[in-house]
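No lab work stands behind these numbers, since they all come straight from the coordinates. Only a predicted model underlies this, so the values are computations on that prediction, with no experimental measurement involved. Cβ placement follows ideal geometry from the backbone for every residue including glycine, while neighbour counts extend to all protein chains displayed.
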Amino acid sequence: MLKKTLALVATAALGAVAVAGCTTPSATTEAEPTVDRQAVAEPTVDEVAVTYVTAPLNVPSIVERELGVFAEAFGEAGVDVTYSELTTGPEQTAALASGDIQFLFAVGATSVLLSAANGADIAIVDMYSRSPEAFMLITGADGPTTPDELVGATIGGPKGTILHELLLAYLASGGYSADDVEFVDMAIPAAQAALAGGSVDVALLAGPVAATMLADGYQKVTDGSGLVGATIVVATTREFAESNPGLVDVFTQAHEEVLAYMAANTDEVLAMAAAETGLPEATVAEMYGMYDFSAEITDADVAAMERTQEFMVANGMISEPVDIRALVLATE
């Protein structure tokens with residue numbers, strides 16, 4: 001049934017360019033469509049590159065690749081799919097800007113806002129996930145656990161990400177700022193190793209990596225609950241979307257097919273995620289409950305991103321805010 005449905009996705013999506021009229025999700029009701037879908041019917045590319053990022057616990061990506069959903073849907077449109085395993089926000093947005101990647105399938109809203117604020121062409125296609133509980137500050141058994149105790153500590157993690165935002169938000173909750181800690185920019189695996197090796201006092205970790213450290217006796221300083229929205233989105237460039245509206249439709253409809261499969265086959269999906277991450281299935285099941293993977297962009301999502309942006313401006317991560325609603329692509 002999945003294959004039969006996917007076989008119709010590309011045909012329906014590309015055929016939609018001949019249908020007049022557009023609507024937008026609730027978060028973008030004020031935005032006017034910028035794409036004349038009647039004017040562009042043929043893809044301008046014969047291949048699209050999509051990021052494949054499994055951490056923290058990106059179950060839709062795992063399921064999609066296992067089932068070959070994108071390959072089948074885009075194949076119906078005569079377009080091949082390749083995958084990129086760039087994992088950090090700056091790497092992803094740079095590759096998107098250069099044209100090396102067409103779809104960022106899971107990129108932090110923080111990274112999108114940084115890119116947009118720096119003048120890059122970037123647009124939000126739909127939502128990927130929201131998971132504040134899955135993002136954590138982790139320390140040793142006797143490590144610092146309060147904002148006061150973090151003062152002077154060495155903290156490792158990826159800069160310009162949700163985790164970085166979480167660190168600054170937690171410091172701010174105690175009246176402190178980035179100037180009160182020694183922050184070392186490093187990827188999540190490096191931060192995990194640095195904490196285990198004793199070269200940092202606190203590591204910014206998420207998903208299976210955080211769960212593994214907690215199981216090994218490390219302790220959670222805090223997670224993102226009440227501190228960050230932890231919004232992960234799907235992104236492309238507006239230039240690509242305006243040139244290839246049919247391919248954007250193929251992508252979003254295939255994304256919805258993945259989510260429908262996840263909802264109907266939970267046990268199989270958890271087994272896939274456990275096999276990919278190497279975690280016990282029980283751990284994956286527990287973490288899975290921390291995530292909301294619905295793709296619709298809601299007003300609450302936009303509000304969460306606006307709060308993130310306010311925090312980024314206040315902490316000097318960007319100098320001027322961008323219009324978040326204008327970043328969201330109008331959809332058919």
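Using alpha-carbon positions, what is the distance between the centroids of the stretch 264-332 and the stretch 183-226, in Å?
Computed from Cα coordinates, the inter-centre distance equals 20 Å.
When the helix-only estimate is applied to the chain (DSSP H runs of n ≥ 4, each -39,500 (n - 2.57), divided by the residue count), what is the mean residue ellipticity at 222 nm, nearest 500 deg cm²/dmol?
Working: 15 runs with 151 residues, N = 332.
It comes out at -13500 deg cm²/dmol, rounded to the nearest 500.
For the stretch 247-295, what is the charge dipole size about the Cα centre, in debye to the nearest 20, if Lys and Arg each add +1 at the Cβ and Asp and Glu each add -1 at the Cβ?
Numbers: 0 positive and 9 negative charges, 14 e Å.
Result for the stretch 247-295 is approximately 60 debye, rounded to the nearest 20.
Go through I297, A274, V151 and say which Cα lies farthest out towards the positive end of the charge dipole of the chain; charges sit on Cβ, +1 for Lys and Arg, -1 for Asp and Glu.
A274
Nearest 20 debye, what's the magnitude of the dipole of the stretch 82-162 about its Cα centre given +1 on Lys and Arg Cβ and -1 on Asp and Glu Cβ? Could the numbers behind the result be given before it?
Working: 2 positive and 9 negative charges, 29 e Å.
Computed about the Cα centre, the dipole is about 140 debye.
Quick check on the stretch 222-286: take the gyration tensor over C-alpha atoms, sort the square-rooted eigenvalues as a ≥ b ≥ c, and tell me if it's rounded (a/c under 1.5), prolate or oblate. Provide the component values of the computation, followed by the final result.
On the way: a/c = 2.90, a/b = 1.49, b/c = 1.94.
Since a/c reaches 1.5 but b/c is at least a/b, the shape of the stretch 222-286 is classed as oblate.
Of A55, L167, S84, which is farthest along the charge dipole of the chain in the positive direction, counting Lys and Arg as +1 and Asp and Glu as -1 at C-beta?
So the residue we want is A55.
May I ask you to derive the relative contact order of the chain, considering only C-alpha pairs under 8 Å and at least 6 residues apart, and to give it as an integer percent?
Working: 636 pairs, mean separation 100.0, N = 332.
This gives 30 percent for the chain.
Extending each Cα 7 Å along its Cβ direction at A271 and E85, get the distance between those two points in nm, one decimal.
Those two pseudo-labels are separated by 2.4 nm.
Quick one, which of [x] 15.9; [y] 17.2; [z] 15.0 is the actual mean projected area of the Cα convex hull in nm² calculated for this model?
Identified label for the calculated read-out: [x].
With both partners inside the stretch 136-280, how many of the DSSP beta bridges are antiparallel, as a percent to the nearest 5?
Details: 8 of 14 bridges.
In the stretch 136-280, approximately 55 percent of DSSP beta bridges are antiparallel ones.
Pull out a ≥ b ≥ c, the square roots of the eigenvalues of the alpha-carbon gyration tensor of the stretch 53-140, then state rounded if a/c is under 1.5, prolate if not and a/b is larger than b/c, and oblate in the remaining case.
Working: a/c = 2.18, a/b = 1.24, b/c = 1.77.
Since a/c reaches 1.5 but b/c is at least a/b, the shape of the stretch 53-140 is classed as oblate.
Given contacts defined as C-alpha pairs under 8 Å and at least six residues apart, what's the relative contact order of the stretch 252-332, whole-number percent? Let's see the in-between values first.
Numbers: 24 pairs, mean separation 15.8, N = 81.
In percent, rounded to a whole number, it is 19.
Can you tell me, using C-alpha contacts under 8 Å and at least 6 residues apart, the relative contact order of the stretch 190-321 as a whole percent?
On the way: 51 pairs, mean separation 28.3, N = 132.
Reported as a whole number, the value is 21 percent.
Give, rounded to the nearest 20 debye, the magnitude of the charge dipole that the chain has about its Cα centre when Lys and Arg contribute +1 at Cβ and Asp and Glu contribute -1 at Cβ. Intermediate values should be presented prior to the final figure.
Numbers: 10 positive and 47 negative charges, 30 e Å.
It works out to roughly 140 debye.
How many times 2.2 N^0.38 Å is the alpha carbon radius of gyration of the stretch 128-286?
Details: Rg = 18.3 Å, N = 159, 2.2 N^0.38 = 15.1 Å.
Dividing the Cα radius of gyration by 2.2 N^0.38 Å gives 1.21.
Counting other beta carbons within 10 Å of each Cβ, put D46, D301 in order, fewest first.
On the way: D46 9, D301 25.
Ranked by crowding around the Cβ, least crowded first: D46, D301.
Using DSSP, restrict attention to beta bridges with both residues in the chain and report what percent are antiparallel, rounded to the nearest 5.
Values: 20 of 33 bridges.
Antiparallel bridges: around 60 percent, rounded to the nearest 5.
Would you please classify the overall shape of the stretch 139-225 from the alpha carbon gyration tensor, given that a ≥ b ≥ c denote the square roots of the eigenvalues, rounded means a/c under 1.5, and beyond that prolate means a/b larger than b/c while oblate covers the rest?
Details: a/c = 1.44, a/b = 1.34, b/c = 1.08.
Because its axes are fairly even, with a/c under 1.5, the stretch 139-225 counts as rounded.
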